[in-house]
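The values are calculated or read from the model by the stated rules, or taken from the named source; none is laboratory data. Please read all numbers here as calculations on a predicted model, not as lab measurements. All Cβ positions, glycine included, derive from the backbone under ideal geometry; neighbour counts span all protein chains shown.
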Amino acid sequence: MRILAIDTSCDESCAAIVDTDTWTLRSDIVLSHVSHMKAYGGIVPEVASREHLKALPIAVDQALDTASVQLSEIDHIAVTHRPGLIGALLVGLTYGKSLAYALGIPFSTIDHIHSHLFSPLLATLEGKQVPAFPWIALVVSGGHTELFHVKSATDFQWLGGTLDDAAGEAFDKIGKLLGLEYPAGPAIDKWVRAEAADSDRTHFDFPRSHPSANDFSYSGLKTSVLNQLAKIKSPTDAARLTLAASAQEAIVDPLVDRLRSCQKQFDVAQIVVAGGVACNSRLREKLPDAYFPIPKHCSDNAAMVGLRAALLHRAGQLPIAPLNASPSAFSELH
Ligand code: KG4
Ligand code: ZN
């Protein structure tokens with residue numbers, strides 16, 4: 001089966017083709033709209049929807065061209081339906097549904113968090129080794145910070161998640177306070193890695209909030225950085241760097257703590273981390289034994305959507321009744 005996968009949950013129009021017979025990724029196109037968001041200092045949902053309208057057909061064409069596949073050779077269309085920006089999701093969902101109807105082929109809807117969760121298995125599509133189950137997995141992105149106990153590709157349990165801001169959102173919002181461009185996560189990471197000393201990382205003892213056992217909370221950290229910044233009259237670059245370095249520690253530490261405590265609680269050896277924030281070099285440094293997908297597979301892409309559909313298809317569980325778009329996460333969460 002050749003699956004055309006589509007993801008428009010945030011500010012990238014993504015299309016990919018996965019072949020379940022040869023178990024290969026035939027193409028993986030990501031057209032980012034981040035440059036349109038920089039002027040606003042963050043994502044404007046309506047701008048994202050309009051950019052998807054223009055870019056998604058181009059992404060699909062490029063995915064077909066790269067794979068040297070005709071539209072008539074596609075057997076199934078899989079589209080992200082939740083969670084994400086509702087207008088943006090609807091563009092992908094309506095496009096995918098219409099295309100499937102016109103082609104007379106089946107169509108299914110896929111959860112974006114589940115796609116990130118199993119993105120470590122994308123390496124199997126390149127014939128590479130991946131960590132064996134069970135995993136303690138963290139999906140950490142601009143919209144989510146969720147922990148799972150994963151026993152197989154179809155058997156997993158949600159353990160906890162953020163009560164307010166996601167870790168990526170904390171990076172982006174704190175970076176904005178410090179005058180960095182959106183998305184500030186990669187910018188903070190790069191700046192701190194290149195220029196900060198160990199003393200910068202420990203200079204400000206920002207709160208590491210400890211809500212219930214496996215949960216996270218980052219809204220207090222954002223306020224602490226804001227309060228600290230207000231105390232400094234005209235912050236120098238050095239002061240901003242110290243704030244960035246200390247804030248990064250305060251974002252990363254709870255992620256590492258929770259992963260380690262779940263590892264102990266469930267007696268699971270393998271930790272995997274996925275989602276955009278899994279690109280963070282400090283997080284990778286603090287979890288040397290964990291598995292991280294390559295950066296391209298951590299941030300949003302449709303290859304992971306195609307893989308999720310392929311895994312469900314292999315297990316005989318690919319949903320045949322497509323669901324509507326929804327901004328919120330799957331019902332087991334929260
Ligand atoms: O998974 P993703 O591409 O989109 C969502 O589903 O949210 O994640 C994007 C998030 C942004 O908040 C971005 O700032 C963050 O991932 N991010 C990073 C790094 N690279 C991306 N945060 C910290 N360090 C990085 N290197
Ligand atoms: Zn994502």
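Scanning segment 181-194 for residues that are modelled with pLDDT of 95 or more and more than 7 Å from ligand 1 (Cβ to nearest atom), we see that the one that is farthest from Val225 (Cα to Cα) is Ala194. Looking across Ala309, Ala245, Ala315, one residue alone is more than 15 Å from ligand 2 (Cβ to nearest atom) and touching an Asp or Glu at 6+ places or on another chain (Cβ under 7 Å). It is Ala245.
Each row is one residue, and each column tells you yes or no for (1) of a type in the set (Gly, Ala, Ser); (2) under 27 Å from Leu125 (Cα atoms); (3) part of a helix (DSSP H, G or I).
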| residue | (1), (2), (3) |
| --- | --- |
| Ala16 | yes, yes, no |
| Asp21 | no, yes, no |
| Leu25 | no, yes, no |
| Leu56 | no, yes, yes |
| Asp61 | no, yes, yes |
| Val69 | no, yes, no |
| Val91 | no, no, yes |
| Tyr101 | no, no, yes |
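Within segment 134-180, restricting attention to residues that are small (Gly, Ala, Ser) and in contact with a Cys (Cβ under 9 Å, 6 or more places away or on another chain), the residue that is surrounded by the fewest Cβ atoms within 10 Å (Cβ to Cβ) is Gly160. Counting only residues that are among the aliphatic types (A, V, I, L, M) and either over 15 Å from Arg193 (Cβ atoms) or assigned to a strand (DSSP E or B) (or both), which one in segment 275-290 is nearest to ligand 1 (Cβ to nearest atom)? Restricting to residues being among the aliphatic types (A, V, I, L, M) and either over 15 Å from Arg193 (Cβ atoms) or assigned to a strand (DSSP E or B) (or both), the top hit is Ala278.
Okay, residues lined up against (1) β-branched (Val, Ile, Thr); (2) within 16 Å of ligand 1 (Cβ to nearest atom); (3) within 30 Å of Lys151 (Cα to Cα):
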| position | (1), (2), (3) |
| --- | --- |
| Pro211 | no, no, yes |
| Val225 | yes, yes, no |
| Lys231 | no, no, no |
| Ala244 | no, yes, no |
| Leu255 | no, yes, yes |
| Val273 | yes, yes, yes |
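For Phe148, state whether it is in a helix (DSSP H, G or I), modelled with pLDDT of 95 or more and under 23 Å from Ser328 (Cα atoms). Considered against the rule, which asks whether it is in a helix (DSSP H, G or I), modelled with pLDDT of 95 or more and under 23 Å from Ser328 (Cα atoms), Phe148 comes out as no.
Let's see how each residue does on (1) touching a Cys at 6+ places or on another chain (Cβ under 6 Å); (2) in contact (Cβ under 8 Å) with a residue 60 or more places away in the chain; (3) under 22 Å from Trp135 (Cα atoms):
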{"site": "Arg284", "(1), (2), (3)": "no, no, yes"}
{"site": "Asp289", "(1), (2), (3)": "no, no, yes"}
{"site": "Cys298", "(1), (2), (3)": "yes, yes, yes"}
{"site": "Met304", "(1), (2), (3)": "no, yes, yes"}
{"site": "Leu311", "(1), (2), (3)": "no, yes, yes"}
{"site": "Arg314", "(1), (2), (3)": "no, yes, yes"}
{"site": "Pro319", "(1), (2), (3)": "no, yes, no"}
{"site": "Pro322", "(1), (2), (3)": "no, yes, no"}
{"site": "Pro327", "(1), (2), (3)": "no, yes, no"}
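When Pro293 is tested against (1) touching a Ser or Thr at 6+ places or on another chain (Cβ under 6 Å); (2) within 10 Å of ligand 1 (Cβ to nearest atom), just one condition goes unmet, and that condition is (2).
Filtering segment 87-97 for residues that are exposed (fewer than 15 other Cβ atoms within 10 Å of the Cβ), out of contact with any Phe, Trp or Tyr (no Cβ under 6 Å at 6 or more places or on another chain) and in contact (Cβ under 8 Å) with a residue 40 or more places away in the chain leaves an empty set. When we screen Arg260, Arg240 for residues that are loosely packed, with under 15 Cβ neighbours inside 10 Å, at pLDDT 95 or above and not β-branched (Val, Ile, Thr), the only hit is Arg260.
Is one or more of the residues making up segment 53-63 within 21 Å of the chain's Cα centre (by Cα) and among the charged types (D, E, K, R)? The answer is no, given that none of the residues of segment 53-63 is within 21 Å of the chain's Cα centre (by Cα) and among the charged types (D, E, K, R). Look at (1) of a type in the set (S, T, N, Q); (2) away from ligand 2 (no atom under 16 Å from the Cβ); (3) at pLDDT 95 or above and you find that Thr80 fails only one, number (2). Within segment 170-199, residues that are over 14 Å from Tyr218 (Cβ atoms) have Cβ atoms under 6 Å from residues that are within 16 Å of ligand 2 (Cβ to nearest atom) and part of a helix (DSSP H, G or I) in these pairs: Tyr182/Met37; Pro183/Asp172, counting only partners at least 6 apart in sequence or on another chain.
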